[in-house]
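A short write-up of the structure that comes next.
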DNA sequence: AACCTTGTTGATCATATGATCAATTACCGC
DNA sequence: GCGGTAATTGATCATATGATCAACAAGGTT
């Protein structure tokens, strides 16, 4: 259904182990974003890169691990992208506003779906469970760092930045999960989340709603 | 691993269709709470009630539907239990405090896991997707009603009770999802959620933290 | 150009799932 | 007690999954 080569023809192009491993990782990532983590299957990945299932199996200790690694890669990339997006922001206030806007945007729905898959699958996939914990901690550290900087400049006020970081992430994850089922009220909720952040960080009302009317 | 009869012996006790259907529903519910929605399998349910897989299949249009119905039953029961729990509370403030306490408690983790399974599975199970939407709306209606009552008595202040209801549920769902992976910081977060609720509903600080130090 | 390392395949297992259907037999009504 | 309805079974399909391994062949090395 796209520009991927199917049909493994005999004697497929030989590639270096590193290149092939990378190819598999990319395919798994694309599949996960399109069809969710459960879509990562031996035959699915193989078909996408025009190769035998046996080859994919050959490059992976187990599918569980490939799923865990793929989740990890997707979320790590997500954090990286968001960090890059916040880089141009001058000051913690602008950065926080951008963070909330970005994380609550509809374009993140595929990543949100991956998170939901991971929370669900994590109970039966130990490797994935570990990775989920690691990535949650990474996100929390990222947000907590932003908050700490804001407290440092005196712009934010918070007793427990660690907890507030967890709170903000919880709000975002919860509302994004809801958004997968009921897209409707995203608009008014975004504004509400900004308000919550303002309240919990001792900001003046409206500070986080610069130009966006949402 | 419990007091359920396995081993379907030839000529198992005959039951009325209604009784058998109920038995299947109960078994599915127990399995879901113990092993998650994906644990609801033809053979799994059959084994639990000491019956052939064919019989379970005979009573259900499809497993997808049984999963959807089971989810619906679990969540409906959840709402009912919580509603009952809030009944003795005098006034919306006490009710809201009890609601937050109850919903963020560690004893809800199995139900939270079911929610996560449902959000994940819903993408591939249309019947379940519908049921997830319905139950989310039911929860939102329940909370919104509580908020509206509070606004009515003048105890709460909120422009958009519908949106605040979604917000509260989003916070709770998100933090509960986190709690499945990282149980640790539940304590401080519960207090933080109370604070958020106080802020967003125009309540005095600490009003929602009656006796519980959290 | 021959060789040999090793990336790749084809065939095959083992398992788990949902689903169907004729045959059986338990139980209710007469 | 007998008979017939229908709840239940046993056997069987079809499919999807992960995994393994001997055999093949592509491509760099000599």
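The values are calculated or read from the model by the stated rules, or taken from the named source; none is laboratory data. These numbers were taken from a predicted model, which means no experiment stands behind them. Methodologically, a virtual Cβ is constructed for each residue, glycine included, from the backbone with ideal geometry; neighbour enumeration extends over all protein chains shown.
Return the total of residues in segment B:173-194 being facing another protein chain (nearest Cβ under 7 Å) and not in a loop (DSSP other than H, G, I, E, B). Give the derivation first.
Within segment B:173-194, the first condition is being facing another protein chain (nearest Cβ under 7 Å), and the residues that meet it are B:173-175, B:177-178, B:180-182, B:185, B:188-189, B:192.
The next check asks that each one be not in a loop (DSSP other than H, G, I, E, B); those that pass are B:173-175, B:177-178, B:180-181, B:188-189, B:192.
Of the residues in that region, 10 qualify.
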> Picking from B:207, B:134, B:193, which residue would you name as being modelled with pLDDT of 95 or more and not assigned by TED's automatic domain parsing to the domain that holds residue B:112?
Replying inline: B:207
>> Take residue B:56 and tell me if it is within 11 Å of DNA strand D (Cβ to nearest atom), part of a helix (DSSP H, G or I), over 25 Å from residue B:142 (Cβ atoms) and at pLDDT 95 or above.
In response: yes
> If you take the residues of segment B:5-26 that are within 16 Å of residue B:41 (Cα to Cα) and modelled with pLDDT of 95 or more, which of them is nearest to DNA strand C (Cβ to nearest atom)?
Replying inline: B:24
> Which residue, of B:143, B:132, B:151, is away from chain A (no Cβ under 12 Å), closer than 22 Å to residue A:188 by Cβ and within 14 Å of the chain's Cα centre (by Cα)?
Replying inline: B:143
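Conditions tested, residue by residue: (1) surrounded by 22 or more Cβ atoms within 10 Å (Cβ to Cβ); (2) over 19 Å from residue A:110 (Cβ atoms); (3) without any contact (Cβ under 8 Å) to a residue 60 or more places away in the chain.
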| residue | (1), (2), (3) |
| --- | --- |
| A:161 | no, yes, yes |
| A:169 | no, no, yes |
| A:172 | yes, no, no |
| A:182 | no, no, yes |
| A:186 | no, no, no |
| A:191 | no, yes, yes |
| A:202 | no, yes, yes |
| A:205 | no, yes, yes |
| A:208 | yes, yes, no |
>> Give all pairs with beta carbons closer than 7 Å in which a residue from segment A:31-60 that is at positive phi meets a residue that is within 8 Å of DNA strand D (Cβ to nearest atom) and not in a helix (DSSP H, G or I); count only pairs at least 6 apart in sequence or on separate chains.
In response: A:50/A:12
>> When the residues of segment B:21-30 are narrowed to those that are away from DNA strand D (no atom under 12 Å from the Cβ) and either without any contact (Cβ under 8 Å) to a residue 24 or more places away in the chain or within 14 Å of chain A (Cβ to nearest Cβ) (or both), which ends up surrounded by the fewest Cβ atoms within 10 Å (Cβ to Cβ)?
In response: B:26
